[in-house]
Amino acid sequence: QVQLVESGGGLVQPGGSLRLSCVASRSILNIYPMGWYRQAPGKQRELVAAITPLDTTNYADSVKGRFTISKNSARNTVYLQMNSLKPEDTAVYYCSTAIATTTYWGQGTQVTVSS
């Protein structure tokens with residue numbers, strides 16, 4: 001079992017930047033892939049970015065070139081650096097991992113992009 005706690009969300013103007021953090025309750029980043037997801041009102045939750053234990057990354061087409069996922073295994077923390085934010089990036093952002101047959105989610109952090 002693992003607990004995930006996100007932070008770093010907030011209100012930002014279009015074109016601005018935010019960095020989200022996700023802290024895991026135990027050392028899993030070198031064992032299991034981690035992902036950032038988001039869910040906008042009225043829409044399905046979607047994968048934004050993911051990182052494997054070997055630091056391979058992948059991104060949704062909508063965020064490529066603007067978002068960067070990274071991790072600090074010593075701190076059990078995964079980051080999502082978000083640049084050039086757009087109003088359509090507004091959503092609740094969740095950190096997630098899957099261990100065996102169980103998927104774990106954090107509580108989410110709200111990101112609002114608005115002028």
If you take the residues in the stretch 24-41 that are of a type in the set (A, V, I, L, M, F, W, C) and surrounded by fewer than 22 Cβ atoms within 10 Å (Cβ to Cβ), which one is farthest from the chain's Cα centre (by Cα)?
31
Looking at (1) open to solvent by less than 60 Å² (accessible area, probe 1.4 Å); (2) out of contact with any helix residue (DSSP H, G or I) (no Cβ under 9 Å at 6 or more places or on another chain), which is the only condition residue 54 fails?
(1)
Within the stretch 29-54, residues at pLDDT below 95 and among the charged types (D, E, K, R) come out as none
Test residue 47 against the criterion of being under 12 Å from the mean Cα position of the chain (by Cα), open to solvent by 20 Å² or more (accessible area, probe 1.4 Å) and of a type in the set (A, V, I, L, M), and give yes or no.
yes
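Residue check: is residue 112 in contact with a strand residue (DSSP E or B) (Cβ under 9 Å, 6 or more places away or on another chain) and under 23 Å from residue 12 (Cβ atoms)?
yes
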Residue 19 vs. criteria under 19 Å from residue 4 (Cα atoms), open to solvent by 60 Å² or more (accessible area, probe 1.4 Å), modelled with pLDDT under 95 and basic (Lys, Arg)
no
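The values are calculated or read from the model by the stated rules, or taken from the named source; none is laboratory data. All values reported here derive from a predicted model rather than from experimental measurement. When we count neighbours, we look across all protein chains shown, and the Cβ atoms used for this are built from the backbone with ideal geometry, even at glycine. Areas reflect the complete protein model, heavy atoms only, side chains present, ligands, DNA and RNA absent. Shrake-Rupley method; radii C 1.70, N 1.55, O 1.52, S 1.80 Å.
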